[in-house]
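Working notes for the structure below.
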Amino acid sequence: MASSEIETAVQPTGPNQATNSSDMQDTSSVESTVLYEDKYLLVTPKGITIHRYYFPFFSDKFVPWDKVEYVKTAQELGVKWYEIKEWGMAIGDIWWNCGWRLIKNPFSDGWGLNNMEYINRTNIVIKVKDSTTRPGSYVENPDMAMTEIKKI
């Protein structure tokens, strides 16, 4: 590598600057295509992103629409109490993201346990093609999320 190429390669850039035109991305179209978003779930025309999914790093899981067999509420699926867990997999095949599922959010609701009606109404389950594990997510506004998902 020539010295002028090295100087170009190591020039510092700001967080929104690109080193050349091929590195530039138009993010305005990405932001305008969000169909539903909360702390736990992001729905776009490209797929579903489950936030706080992988243990122990809170990293996201993205499932493109062509890999989704169905998205249903836990209520529609009749999820039982022993299939629910705050984070990870309980008895069954659903891996849940980290969310206030069983225990009430102590920061807004005080301490206590949520009832199964609330739990099943506020959680969704995704069946991914060719996968034995179904991702599950708490959803802050399940009616709005499912309305947008059903449009796709």
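Loop-only trypsin sites (Lys or Arg not before Pro) in the range 86-152, please: DSSP not H, G, I, E or B, and at most 12 other Cβ atoms within 10 Å. Could the numbers behind the result be given before it?
Numbers: sites: 101, 104, 121, 127, 129, 150, 151; in loops: 101, 104, 129.
Taking the range 86-152 and a limit of 12 other Cβ atoms within 10 Å, the loop trypsin sites (Lys or Arg not before Pro) found are 129.
Which value, in Å² rounded to 10, gives the accessible area of residue 103 with a 1.4 Å probe and all protein chains present?
Its accessible surface works out to 60 Å², give or take rounding.
Could you state how much accessible area residue 93 has, in square angstrom rounded to the nearest 10, with a 1.4 Å probe and all protein chains kept in place?
Approximately 50 Å² for this residue.
How do 147, 133, 44 rank by accessible surface area computed with a 1.4 Å probe, from largest to smallest? Mind showing how you got there, number by number?
Details: 147 75, 133 45, 44 20 Å².
Per-residue accessible area, sorted high to low, gives 147, 133, 44.
For the range 54-64, in order, what is each residue's ³J(HN,Hα) by Karplus, 6.51 cos²θ - 1.76 cosθ + 1.60 with θ = phi - 60°, in whole Hz (x at glycine and Pro)?
Each residue's phi maps through the Karplus curve to give 7, 8, x, 9, 6, 6, 8, 10, 10, 10, x Hz.
If amide H atoms are built 1.01 Å from N in the plane of the peptide, which residues on other chains or at least 5 residues away come under 5 Å of the amide H of residue 40?
It is 140, by chain and number.
Once amide H atoms are built 1.01 Å from N in the peptide plane, which residues 5 or more positions from residue 134, or in another chain, come under 5 Å H to H?
HN-HN under 5 Å from residue 134: 94, 95.
Could you work out the local net charge near residue 77, counting Lys and Arg as +1, Asp and Glu as -1, over the other residues with Cβ closer than 15 Å to its Cβ? Please report the intermediate quantities before stating the final value.
Numbers: positive: 72, 80, 101, 121, 127, 134; negative: 69, 76, 83, 93, 117.
Neighbourhood net charge equals +1.
Please turn the phi angles of the range 85-99 into ³J(HN,Hα) values with the Karplus equation 6.51 cos²θ - 1.76 cosθ + 1.60 (θ = phi - 60°), one per residue in order, whole Hz, x for glycine and proline.
Karplus values, whole Hz, x for Gly and Pro: 8, 4, 7, x, 10, 8, 7, x, 10, 9, 9, 8, 6, 6, x.
As a test of reading the structure, rank 34, 68 by solvent-accessible area (1.4 Å probe, protein chains only), most first.
34, 68
Provide the FRET efficiency to the nearest 0.05 for the residue 76-residue 131 pair, computing r from the beta carbons and using R0 = 22 Å. Write out the running numbers ahead of the final one.
On the way: r = 19 Å, r/R0 = 0.86.
According to the calculation, E is roughly 0.70.
Show the residues, 5+ positions off or on another chain, whose built amide H is closer than 5 Å to the amide H of residue 48.
63, 65
Just to check I understand the Karplus step: with θ = phi - 60° and J = 6.51 cos²θ - 1.76 cosθ + 1.60, what whole-Hz values come out for the range 131-146, glycine and proline as x?
10, 8, 10, 9, x, x, 9, 6, 10, 5, 10, x, 5, 5, 4, 5
The values are calculated or read from the model by the stated rules, or taken from the named source; none is laboratory data. Model, not experiment: these values are computed from the prediction. When we count neighbours, we look across all protein chains shown, and the Cβ atoms used for this are built from the backbone with ideal geometry, even at glycine. In case anyone asks, the SASA skips ligands and DNA or RNA and just uses the protein heavy atoms, side chains included. Shrake-Rupley method; radii C 1.70, N 1.55, O 1.52, S 1.80 Å.
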